[in-house]
Amino acid sequence: MSYVPHSEDDLRRMASAAGLTDPEDVFSPIPRAVRHRGPLSVGGPLDEETLRRLFRVSPSRAVFAGGGVYRHHIPALVDALSSRQEFSTAYTPYQPEISQGTLQALFEYQSMMAALTGMEVSNASLYDGATALAEGALMALRGKGIGRVLVTRATHPAYRKVLETYLSRSGDAVVEEVPFCRDTGRVDLGALASAVGSDAAFFIQNPNYFGVLEPMEEVAAAVSGTAGFWGIVVAEALSLGLFRPPGSFGPDVVVGEAQSFGNHANAGGPLLGFFCTRREHARRMPGRLVGLTKDSSGRTAFCLTLSTREQHIRREKATSNICSNEGLCTLRAALYLSALGPKGLRSAALQCAAGAGELTSLLRDRGIFPLFSGPCFHEIALPLKEGKRQALLAEGIVPGIPLVRDYPELGEAVVTAVTEMNTKEECRWLAGMM
Amino acid sequence: MAGRDDVAGFPLIREPLLKDVGAPGRNRRVLPAPFDVPQAVDLPGIAVLPDIPDVSEVETVRHFTRLSDLNYGVDNGMYPLGSCTMKYNPKMAEAMAEALKPVHPGDEAAMGSVLGLLFLLQQHLGEICGMDACSLWPAAGAHGELTGMMVIRRAVDAGGSGRRKVLIPDTAHGTNPASCAVAGFVTENIPSGPSGFLTAQTVEEHLDGGVAALMITNPNTLGIFEEEISEIARLLHENGSYLYMDGANLNAILGVARPGDMGVDCMHVNLHKTFATPHGGGGPGGGPVLVKEGLAPYLPLPRIVNDGHGGFALDREGPESIGMVHSCLGNVAISIRALAYILSIGPSGLRETAKAACLNANYLRSRLAGLYDLPYPTPTLHEFVLSDRAFKGTGVSTMDVAKALMDFSFHPPTVYFPLVVGGALMIEPTETEPIEELDRFALAMEEIARRARENPEELHGAPVTTPVGRVDEVLAARSLILTWP
Amino acid sequence: MNIPDDLYYTENHEWGKVEDGDLRVGITDYAQEELGDIVFVDLLPEGTAVSRGDSVGTVESVKAVSEVYAPVDGEITEVNPALEDAPELVNQDPYGKAWMVVIRMTDPSAARSLMDSRAYEEYVKAEAK
């Protein structure tokens, strides 16, 4: 296949108009010494049917995996509208006069994310929840007197690893872990109180990596006014449809992963990092921002704003280096929230919680108990021997995400997620086999 | 506050905000309900309904359809944006990514197939770029740059030199110095030569024991091939420094020359540029990093490895690695689209792409060089830069030209970049533009040039045929309204 | 190009007006012209000690951000409150209503080492080329 709409004649005609004897002469600025001889050793050209066979992937029959990426029902209108070429093939809206569609959709997303998180402003996306946490820490470190970053051990292990990678550049910032209680799976409040200080930025994921709901009121009491900066990390955005907005606890930032809002699991990406903060921090926020304004005739219009914080103007003094973000995934989130509405979002979340409750009951009847006593949203940490896990995989059941590598202290265990995409039958099947 | 009252109330808005669409009770959606929800859900912190609009399906579809009508996409017409490579996005790539949708990254059996495809992409990108190892995890070009610079930093520290300076030519993309800063380096600007490319002599003058690396874009943002790159690489290597290449302009040299053969040690590519994945209104993109063997141990985790049974798995160990840069595997569905594109066009297609991209650009350049100021007479490849100098005295600026182009149904080229040219217009048509579209663009530019000389006032008011007129960006920054009330 | 002759000037386009032992500081007409429409001004608080060459804040337009540097050693004793709500004053009246900070000079004669209006005029002419 070729997407080049030129015949040999066209090429010759253009070469001639450009003053070249032969089309090949267009490469004359490239020194002979670095020219590649012969064709590249890559596959193709392949026709579409051959390609379809090559790109076939089959998901397992029953999947109970979460861990920051979730399978949720996405109404068909999300795919239909986001695949409109005016949205999907459009460039970054730097020229607002012909990008009002993208800009308004992003403004609506910003507004809804601010409302759902209970914060005042939101940006128009970052790469994923992990880099959103890293950007939150970098923002804290740009403030005065912050030299330590505290993160709960029950925050997503990959998020913590990415945070460490981003902070490794500044030798003066140290990442410290705040442990969880082995019985409840919730943060050790005593350890937190000892660790926190005005020189520290503190981050806590809620619900945490084990699906356990953290005691946010007690956490807020322990850190508000004591920590130099603190933030709440949300890896499962659907939790915002059911629980008290995290902003109501008074953090400086609420960051995390909004893939659950209308984006397919897609084997892990693209994802959708979100970043919300208070108005007073707006100028220190990373990523693109859409603002409200007018055009030359007084008509309401939208445009990217505060670009001076960004890489293409401030260059080495930029708040971040992010340029392309998750664009279309953000539009999909706006479509999803519109498609579900307030009751729908709440129902979807309740279904997930109910499903996890049903699975827990079924397991209890078989003498299998969750690792933790703390209340869970829709993920549960369960004991599971590796041999048994492999047997389940062979049967086409993915029982959850293994924990032993990141949490060796918990032994052989998994975090099992139940969503509205699972069925009662699948839960019975899983419980029966565990 | 000044300006805020001006914009409140959303006067004359083209399409009402979502919050003004719908009403309580309008949303009648029925969701999957496989489980029995108890009357009282026994969980802490449950709240009342989330604060988002209550909209019916029809109203949602109409709202977003009408918003899409206010946009311009590459299926509408050319986007001659320099260094963005806004080429046609093949629909077949969308079809190939379909199978991925329901797959969870924790579904090991399904992921085996996906990892095989990603491994194939790593190999193909390595071959195209002449590099030895690849990581697909960076989610965008800037993310790839940051990852690449962190790899170099780890290598520098492993070598014990502790060097922290990076040389960057004045034609660099804005993300280059920003990425260096985030990676913990200090940057030093070095001037390009009078012909528009970096000279080995300039590099030599700036080399010292503190230089960790030099970041180069090749061809550069003037569309000029960095002809002294091999010599520059030699000087850097002799000095114990690395050469990083920003691969944004790879489209010009596909199949013709490979960065690895020019002495590049580390680079990133942009899947949403060279490899035709859709821009999506600003993302998602993909910024894979490629390195020579010596730097491979520092690439991010995890790594795709053979599982010993003819399949693929992820290796999460790697003590020398910089660690993780993404929570998962980057923008997988974008990587899949890029692989589909490469396999669809094959090796001959890659070379043909570069040739047509350069011919299209040179054709346009020959049409426009007489009318607009061309600051660098040096031969160019896939893009070229004009300036508004020819209009000095008329009061017409590059911004006016850009806005006027929208009235001719074109997206403007990149403006005011690179910084080495005042009032720059950076034009890159890409290879997927038919001659007729190029001619149409040239005619529009000719007409604008005529108006600049005969009736400049008309251009100040542009655009007039777009959904909104010239947008007041100053008011936006002063009022700073980022959410609906 | 407005360059009042009763002021001192710096290479970074700040102006300084000596008022007893204080120096009132702002940015010049040339600077505001180059930056374009100003959208935000961010300055260090009263009481901050500064050395010559330290940044006392930033001035932001839609296309650029510029640092404002202290021309002399001293302490910031006043910060202009009007600029928070009306950053456009910097474009309209850079030498009057848009003063930015007042610095109590450690050395009251320090201002004399800065450029006078004629030297600054030459400097701007050379830069504009």
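The values are calculated or read from the model by the stated rules, or taken from the named source; none is laboratory data. Since the model is a prediction, treat every value here as computed from it, not as a measurement. Quick reminder, even Gly has a Cβ in these numbers, built from the backbone with ideal geometry, and neighbours come from all protein chains shown. Just so you know, the surface numbers come from the protein's heavy atoms only, side chains and all, with ligands and any DNA or RNA stripped out. Shrake-Rupley method; radii C 1.70, N 1.55, O 1.52, S 1.80 Å.
Inspect the range B:24-47 for any residue being of a type in the set (Lys, Arg) and surrounded by 21 or more Cβ atoms within 10 Å (Cβ to Cβ) and give the result as yes or no. Reasoning before the result, please.
Filtering the range B:24-47 down to residues of a type in the set (Lys, Arg) leaves B:26, B:28-29.
Still in the running and surrounded by 21 or more Cβ atoms within 10 Å (Cβ to Cβ): none.
No, the range B:24-47 has no match at all.
Restricting to the range B:67-122, give me the number of residues that are among the hydroxyl-bearing types (Ser, Thr, Tyr) and either more than 22 Å from the chain's Cα centre (by Cα) or assigned to a helix (DSSP H, G or I) (or both).
Looking only at that region, the number is 2.
Taking A:Ala235, is it open to solvent by 10 Å² or more (accessible area, probe 1.4 Å) and of a type in the set (A, V, I, L, M)?
It is false that A:Ala235 is open to solvent by 10 Å² or more (accessible area, probe 1.4 Å) and of a type in the set (A, V, I, L, M).
For the subset of the range A:53-69 comprising residues that are more than 7 Å from every other protein chain (Cβ to nearest Cβ) and open to solvent by 10 Å² or more (accessible area, probe 1.4 Å), which member is farthest from A:Ala130 (Cα to Cα)? Before the answer, list the steps.
At the first step, the residues of the range A:53-69 found to be more than 7 Å from every other protein chain (Cβ to nearest Cβ) are A:53-54, A:61-62, A:64, A:66.
Subset that is open to solvent by 10 Å² or more (accessible area, probe 1.4 Å): A:53-54, A:61.
Values: A:Arg53: 34, A:Leu54: 31, A:Arg61: 29 Å.
Filtering the range A:53-69 for residues that are more than 7 Å from every other protein chain (Cβ to nearest Cβ) and open to solvent by 10 Å² or more (accessible area, probe 1.4 Å), the one farthest from A:Ala130 (Cα to Cα) comes out as A:Arg53.
Which numbered condition trips up B:Leu329, out of (1) under 30 Å from B:Ala442 (Cα atoms); (2) out of contact with any strand residue (DSSP E or B) (no Cβ under 7 Å at 6 or more places or on another chain)?
Only one criterion in (1) under 30 Å from B:Ala442 (Cα atoms); (2) out of contact with any strand residue (DSSP E or B) (no Cβ under 7 Å at 6 or more places or on another chain) is unmet by B:Leu329, namely (1).
Of everything in the range C:19-65 that's out of contact with any Leu (no Cβ under 7 Å at 6 or more places or on another chain), part of a strand (DSSP E or B) and within 14 Å of chain B (Cβ to nearest Cβ), which residue is most open to solvent (accessible area, probe 1.4 Å)? Outline the logic, then answer.
Looking only at the range C:19-65, we keep the residues that are out of contact with any Leu (no Cβ under 7 Å at 6 or more places or on another chain), and these are C:19-40, C:42-55, C:58, C:60, C:62-63, C:65.
When the remaining residues are screened for being part of a strand (DSSP E or B), the result is C:19, C:22-27, C:38-40, C:42-43, C:49-50, C:55, C:58, C:60, C:65.
With within 14 Å of chain B (Cβ to nearest Cβ) added as a condition, the list becomes C:38-40, C:42, C:58, C:60, C:65.
Working: C:Ile38: 0, C:Val39: 6, C:Phe40: 52, C:Asp42: 80, C:Thr58: 25, C:Glu60: 16, C:Val65: 35 Å².
Ranking the candidates gives C:Asp42 first.
Any idea which of (1) open to solvent by 40 Å² or more (accessible area, probe 1.4 Å); (2) of a type in the set (D, E, K, R); (3) more than 11 Å from every other protein chain (Cβ to nearest Cβ); (4) touching a residue at least 24 places away in the same chain (Cβ under 8 Å) is the one B:Lys392 doesn't satisfy?
Just one mismatch for B:Lys392, condition (4).
Out of the residues in the range A:83-108 that are in contact with a Ser or Thr (Cβ under 7 Å, 6 or more places away or on another chain) and of a type in the set (A, V, I, L, M), which is farthest from the other protein chains (Cβ to nearest Cβ)?
Here the answer is A:Leu106.
Out of (1) more than 22 Å from B:His382 (Cβ to Cβ); (2) assigned by TED's automatic domain parsing to the domain that holds B:Leu301, the odd one out for B:Thr65 is which?
For B:Thr65, the exception is condition (2).
Which of the numbered conditions does A:Arg309 fail, given that it passes all the others? Conditions: (1) under 30 Å from B:Ile334 (Cα atoms); (2) within 7 Å of another protein chain (Cβ to nearest Cβ); (3) modelled with pLDDT under 95.
(2) is the only condition that A:Arg309 fails.
Please enumerate the residues belonging to the range A:396-418 that are more than 17 Å from B:Met111 (Cβ to Cβ) and either at pLDDT below 95 or within 9 Å of another protein chain (Cβ to nearest Cβ) (or both).
A:Val418
Restricting to the range A:1-18, and then to whatever is touching a helix residue (DSSP H, G or I) at 6+ places or on another chain (Cβ under 6 Å) and part of a helix (DSSP H, G or I), can you tell me which residue is surrounded by the fewest Cβ atoms within 10 Å (Cβ to Cβ)?
Among those residues, the one meeting the criterion is A:Ala17.
Any idea which of A:Ser88, A:Ser111, A:Ser82 is open to solvent by 10 Å² or more (accessible area, probe 1.4 Å) and within 22 Å of A:Ala301 (Cα to Cα)?
Numbers: A:Ser111 fails: open to solvent by 10 Å² or more (accessible area, probe 1.4 Å); A:Ser82 fails: open to solvent by 10 Å² or more (accessible area, probe 1.4 Å).
A:Ser88 is the lone residue from the list that is open to solvent by 10 Å² or more (accessible area, probe 1.4 Å) and within 22 Å of A:Ala301 (Cα to Cα).
Within the range B:328-364, can you find the residues that are open to solvent by less than 20 Å² (accessible area, probe 1.4 Å) and hydroxyl-bearing (Ser, Thr, Tyr)?
B:Ser335, B:Tyr341, B:Ser344, B:Thr353, B:Tyr363
Condition first: of a type in the set (A, V, I, L, M, F, W, C), outside any loop (DSSP other than H, G, I, E, B) and touching a helix residue (DSSP H, G or I) at 6+ places or on another chain (Cβ under 8 Å). Now tell me which residues in the range A:214-236 satisfy that.
Answer for the range A:214-236, where residues must be of a type in the set (A, V, I, L, M, F, W, C), outside any loop (DSSP other than H, G, I, E, B) and touching a helix residue (DSSP H, G or I) at 6+ places or on another chain (Cβ under 8 Å): A:Met216, A:Val219, A:Ala220, A:Ala222, A:Val223, A:Phe229, A:Trp230, A:Ile232, A:Val233, A:Val234.
State the number of residues belonging to the range A:252-290 that are buried (at least 24 other Cβ atoms within 10 Å of the Cβ) and either within 8 Å of chain B (Cβ to nearest Cβ) or not in a loop (DSSP other than H, G, I, E, B) (or both).
20
Among the residues of the range B:413-423, are any within 13 Å of chain A (Cβ to nearest Cβ), over 18 Å from the mean Cα position of the chain (by Cα) and surrounded by 18 or more Cβ atoms within 10 Å (Cβ to Cβ)?
The answer is no; no qualifying residue exists.
Going residue by residue through the range A:206-216, is there one that turns out to be aliphatic (A, V, I, L, M), buried (at least 24 other Cβ atoms within 10 Å of the Cβ) and touching a Lys or Arg at 6+ places or on another chain (Cβ under 7 Å)? Steps first, please.
If we filter the range A:206-216 for residues that are aliphatic (A, V, I, L, M), which is where we start, we get A:212-213, A:216.
Add one more test, that the residue is buried (at least 24 other Cβ atoms within 10 Å of the Cβ), and what stays is A:212.
Then keep just the ones that are touching a Lys or Arg at 6+ places or on another chain (Cβ under 7 Å); that gives A:212.
Yes, the range A:206-216 has at least one match.
Within the range A:19-31, does at least one residue satisfy the condition of being farther than 30 Å from B:Asp439 by Cβ, without any contact (Cβ under 8 Å) to a residue 60 or more places away in the chain and open to solvent by less than 60 Å² (accessible area, probe 1.4 Å)?
yes
Within the range B:35-54, is there a residue that is on the phi < 0 side of the Ramachandran plot, assigned to a helix (DSSP H, G or I) and within 8 Å of chain A (Cβ to nearest Cβ)?
In the first step, residues of the range B:35-54 are kept if they are on the phi < 0 side of the Ramachandran plot; the result is B:35-44, B:46-54.
Going one step further and asking which of them are assigned to a helix (DSSP H, G or I), we end up with none.
Checked the range B:35-54: no residue is on the phi < 0 side of the Ramachandran plot, assigned to a helix (DSSP H, G or I) and within 8 Å of chain A (Cβ to nearest Cβ).
Would you check if B:Ala354 is touching a His at 6+ places or on another chain (Cβ under 8 Å), over 30 Å from A:Arg405 (Cβ atoms) and of a type outside the set (S, T, N, Q)?
It is true that B:Ala354 is touching a His at 6+ places or on another chain (Cβ under 8 Å), over 30 Å from A:Arg405 (Cβ atoms) and of a type outside the set (S, T, N, Q).
Please go through the range B:175-228 and give me each residue that is small (Gly, Ala, Ser), touching a residue at least 40 places away in the same chain (Cβ under 8 Å) and within 28 Å of A:Thr131 (Cα to Cα), ordered by number.
B:Ala212, B:Ala213
Can you name the condition, by its number, that A:Gln351 falls short on among (1) buried (at least 24 other Cβ atoms within 10 Å of the Cβ); (2) within 29 Å of B:Arg66 (Cα to Cα); (3) at pLDDT 95 or above?
A:Gln351 satisfies all of (1) buried (at least 24 other Cβ atoms within 10 Å of the Cβ); (2) within 29 Å of B:Arg66 (Cα to Cα); (3) at pLDDT 95 or above except (2).
With the condition kept exactly as written, say whether any residue in the range A:184-203 is without any contact (Cβ under 8 Å) to a residue 40 or more places away in the chain and assigned to a strand (DSSP E or B).
yes
Among the residues of the range B:150-196, which ones are within 13 Å of another protein chain (Cβ to nearest Cβ), part of a loop (DSSP other than H, G, I, E, B) and more than 22 Å from the chain's Cα centre (by Cα)?
B:Gly162, B:Arg164, B:Gly184, B:Phe185, B:Ser195, B:Gly196 - these are the residues of the range B:150-196 that are within 13 Å of another protein chain (Cβ to nearest Cβ), part of a loop (DSSP other than H, G, I, E, B) and more than 22 Å from the chain's Cα centre (by Cα).
Please go through the range B:342-362 and give me each residue that is farther than 30 Å from A:Leu46 by Cβ and either in contact (Cβ under 8 Å) with a residue 60 or more places away in the chain or assigned by TED's automatic domain parsing to the domain that holds B:Asn220 (or both), ordered by number.
Initially, the range B:342-362 is screened for residues farther than 30 Å from A:Leu46 by Cβ, giving B:362.
The answer is none; no residue qualifies.
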